[in-house]
Amino acid sequence: MLFQLAREGETERLAAYVDAGVTPDLTNERGDALLMLAAYNGHPETVRALVERGASVDRANDRGQTPLAGAVFKGYGEVVRILFEAGADPYGGTPTAVDTARMFEKDAFLELFGV
């Protein structure tokens, strides 16, 4: 249920669970953390809430993908900015967020990353 809340951007409900003691780095069977699911599905408010509650911005899933690279791939600019400003490494993961931005010609993200 918590993973579905992250996918759907149910920020208040998900934050209440984290505030009650659920780890913000909870992962599913594929290693996708709550933050990855919120970022990949384009929910900036949920991403911000998880980051504020200590979610690891660079936690990669079992395939080496990071929330930042996922948000770059999907083109979610606000999510990318939140993660980057929270310290997410654009060179972390496989493929990196930088490589993803280059591959899909997302020059605005490369500019944001200072590349």
- request: Starting from the amide H of E10, placed 1.01 Å from N in the peptide plane, find each other amide H under 5 Å away whose residue is 5 or more places distant or on another chain.
  value: none
- prompt: From the residues G70, L83, L14, which one has its Cα farthest along the dipole of segment 2-112 in the positive direction, the dipole being from +1 and -1 charges on Cβ of Lys/Arg and Asp/Glu about the Cα centre?
  reply: G70
query: In the P(r) worked out for segment 1-59, what percent of Cα pairs fall beyond 19 Å?
result: 10 percent
query: Once the mean 1/r over all distinct Cα pairs of segment 27-115 is inverted, what Kirkwood radius in angstroms do you read off?
result: 12.3 Å
- prompt: With charges only on Cβ, +1 for K and R and -1 for D and E, what is the dipole size of the chain about its Cα centre, in debye, rounded to 20?
  reply: 160 debye
- request: Could you work out how far the C-alpha centroid of segment 35-51 sits from that of segment 95-115, in angstrom?
  value: 19 Å
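Going by average Cβ neighbours within 10 Å, how do the peptides 13-25, 92-104 rank, with the highest at the top?
Order by mean packing, descending: 92-104, 13-25.
Every read-out reported here was derived from the displayed coordinates using simple, explicitly stated rules and does not represent laboratory data. Remember, it's a predicted structure, so these values are computed and weren't measured experimentally. Every residue, glycine as well, gets a Cβ built from its backbone with ideal geometry; the counts of neighbours run over all protein chains shown.
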